Structure formats: structure tokens, C-alpha cells
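Visitor: I am attaching a structure below and will ask some questions about it afterwards.
The values are calculated or read from the model by the stated rules, or taken from the named source; none is laboratory data. No experiment lies behind these values; they were computed from the predicted model shown. In this analysis, Cβ positions are derived from the backbone assuming ideal geometry, glycine residues included, and neighbour counts consider all displayed protein chains.
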Amino acid sequence: MNAKAPIFVVFLMTALHAYAVESHIFQARFYANESQPYTLSQTHFDLRNGDTIRMERLTMQLDVQVSDSNAMGYQMDWMLSDFKLSTGSSILHSLVSHSTTAHVRYWINRYGVFAEFLDWSPLNHCFDSAMVQTLLPYTNRSDSAALLEVQRVTAFVQAFAPTVLRSVHLFHQVYGLGYTLQETVDVPTTIQGLTGDTEIEGIVRKKLIAIDAETDVAVLSTATIPDSTQWIHFLQQQTIPYYQPLILGGFVADRSSGWPYYVVENRSYELNAWQSGEMLEVRHQQYIQE
């Protein structure tokens, strides 16, 4: 990575001052056995009239390693460890404290574009022993309070793997595409519905905000827009009142190496006085401060 890169606190900063480069195609320039340290976090929040009703934040150590490379592309490994959860739920806190390490292996082409997952099964097992220990006190209970806690744990574990896999896609979302400063690029995508088993077509509108010629850092913004007809049909099937999701994100990267410094996606949903949302962040530990 570029040793001159500055520290970023947030990705949506005032426009960078050096515009010597007007356009760019993002490309990975990784090396075999290269490794970069990140923090991966997921924050859930519920607001009512602007007041926070619930906030949970899961963080973990993420080491991204280039385990192999050739003329066709790169084999990448995500190593996940040191899980921490900020929550008011004691049972989820116990679950996360007993979790084990996990990893994901996947392949990207020589430009850095995601190609395929090779192995992500460990994501389904890093909470196996933790679930046994956490749910042991509820084994002989059938009351509604116990069932609610079991459901809470099950839902958390089932959501973990899809969250990490989505983070992988976000990590590689800009590679292989050409950008011109202040111009948008629309990329087809699919958006997961609230139930997790429904996919809705849409586009991701990406804009190259700035390229700093001195530090070789590029900043992009993203906005994900679902197909309105499919979205309304989905809500009608769920008997949910109409609302429009707001899905915004950003991407800060070292232009010369292709390694990201900061990746973020914020999904929020508003309905009357209520607002719920989720934010995914990948922060490079050497270049990004909380």
C-alpha cells in the first residue's frame, strides 16, 4: 500500500484537493502471501422519533490474505476472529464470547472482480460450540420467554454467514469498472428482501468523487436502488405498508495497489415515526481510525 496515505475518519469527506487524474479503472495489484489487517463491523439500530430504541454492534478482526496468485487471478482468504458484541442481550453476549475463528476462501479475477466462493462452510460452524454452551440452561424449558431467547440466538447465527458473504462482495464492488470524476456508473444488482429469502433486482449507482494525485487515494459513493415494481410486489406479499429503503455507501481505496481503506454500506428503512437500519463497515486498521 501507499505509505503516504492519510488517515480517514469517515468516507464522505470534503472533496479531495488534487484532481490530476480524471478517470480510472480500478484494478487489484496484489502479491501472493500478502496480508492486510481490517476490522469488520455490523451495526443494527432502531429509532423512534429520532430516539435510539435498540443498538447492537458486532465487531471482529478480519485478516485478508492473498493465499495464491497467477496470471488468471487471486485466491483470497478472509480470517475472522476476536468477535465482540455490544448489546443489551445477555444471551447473545454469551454466544459471541464463546465463538471460534472462521474463514472464507474465494477467487477473484486478475482485475480484482469477484468470481466465486471456494469455501465458506466454516461460517456455519463458528458458533456451534457456543450455541451448545449458551442454550444449555434452556434445554428443559418450554415457556415463552425461553423460546424467545432460543429464537434470538438462532436468528443471530443464521444471519452471520450471509452478512460476511455480502461484505466480501462490497469489498470487491468497484474493481474492473471504469470511472470518470463526478460521473455515475450504474451496475445491475440484486437486493435481499427483509425475509432474507427474496431477491429483488435493482442497480447500484456509483460515482467517483475524487482522486488525490498526491496520496493516490480514490473516494467513491454508492446508492443502491431497487426496482420499484418488484419492491412494491414484495411488500404486498408480506402485508407490509409501503416504504422505500435507503441504501447508501462509500469506498475509499489506495489507487496504486487496489487495496481498500474503508468500505461502508448503510441500509435504513423508515415507516412513520420508526426508522430501522443496518450498517456494514470494513476498516483498514493501519489507515482508518474509529
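Visitor: Tell me which of these GLU199 doesn't satisfy, since it passes every other one: (1) in contact (Cβ under 8 Å) with a residue 12 or more places away in the chain; (2) in contact with a strand residue (DSSP E or B) (Cβ under 7 Å, 6 or more places away or on another chain).
Guide: Result: GLU199 fails condition (1) only.
Visitor: For segment 272-290, how many residues meet the condition of being surrounded by 17 or more Cβ atoms within 10 Å (Cβ to Cβ), assigned to a strand (DSSP E or B) and at pLDDT below 90?
Guide: Number satisfying all stated conditions: 4.
Visitor: For GLN236, indicate whether it is in a helix (DSSP H, G or I) and farther than 30 Å from TYR74 by Cα. Reasoning before the result, please.
Guide: Details: in a helix (DSSP H, G or I): yes; farther than 30 Å from TYR74 by Cα: yes.
Yes.
Visitor: Being in contact with a Gly (Cβ under 6 Å, 6 or more places away or on another chain) and not in a strand (DSSP E or B) is the filter here; which residues of segment 239-271 pass it?
Guide: The one that is in contact with a Gly (Cβ under 6 Å, 6 or more places away or on another chain) and not in a strand (DSSP E or B): GLY258.
Visitor: Also, I was wondering about something else. Restricting attention to segment 93-122, which residues are among the hydrophobic types (A, V, I, L, M, F, W, C) and out of contact with any His (no Cβ under 8 Å at 6 or more places or on another chain)?
Guide: Matches in segment 93-122: LEU95, VAL96, VAL104, TRP107, ALA115, PHE117, LEU118, TRP120.
Visitor: From the list ILE91, ILE108, pick out the single residue that is more than 30 Å from ILE25 (Cβ to Cβ) and touching a residue at least 60 places away in the same chain (Cβ under 8 Å).
Guide: ILE91 is the lone residue from the list that is more than 30 Å from ILE25 (Cβ to Cβ) and touching a residue at least 60 places away in the same chain (Cβ under 8 Å).
Visitor: Let me ask you something else. Within segment 33-64, how many residues are in a strand (DSSP E or B) and either within 19 Å of TYR111 (Cβ to Cβ) or hydroxyl-bearing (Ser, Thr, Tyr) (or both)?
Guide: 9
Visitor: Of VAL153, VAL168, VAL164, VAL132, which residue is farther than 23 Å from ARG283 by Cα and touching a residue at least 60 places away in the same chain (Cβ under 8 Å)?
Guide: Values: VAL168 fails: farther than 23 Å from ARG283 by Cα; VAL164 fails: farther than 23 Å from ARG283 by Cα; VAL132 fails: touching a residue at least 60 places away in the same chain (Cβ under 8 Å).
Just a single option satisfies the conditions, and that option is VAL153.
Visitor: Let me ask something else. Take the residues in segment 157-213 that are among the acidic types (Asp, Glu) and surrounded by fewer than 14 Cβ atoms within 10 Å (Cβ to Cβ), then tell me which one is farthest from the chain's Cα centre (by Cα).
Guide: Of all residues in segment 157-213, those among the acidic types (Asp, Glu) come to 183, 186, 197, 199, 201, 212.
This time we only want the ones that are surrounded by fewer than 14 Cβ atoms within 10 Å (Cβ to Cβ), so: 183, 186, 197, 199, 201.
Working: GLU183: 24, ASP186: 20, ASP197: 18, GLU199: 17, GLU201: 19 Å.
Among them, the one singled out is GLU183.
Visitor: Can you run down the residue pairs with Cβ atoms below 6 Å, 6 or more apart or on separate chains, where the first is in segment 47-76 and free of Cβ contacts under 8 Å to residues at least 24 places away in the same chain and the partner is part of a strand (DSSP E or B) and not aliphatic (A, V, I, L, M)?
Guide: Taking only residues 6 or more apart or on different chains, the pairs are ILE53/ASP46.
Visitor: If you don't mind, another one. Pairs needed: first member in segment 218-236, without any contact (Cβ under 8 Å) to a residue 24 or more places away in the chain and on the phi < 0 side of the Ramachandran plot; second member anywhere, in a strand (DSSP E or B) and not hydroxyl-bearing (Ser, Thr, Tyr); C-beta distance under 7 Å; at least 6 residues apart or different chains.
Guide: ILE225/GLY202; ILE225/ILE203; ILE225/ARG205
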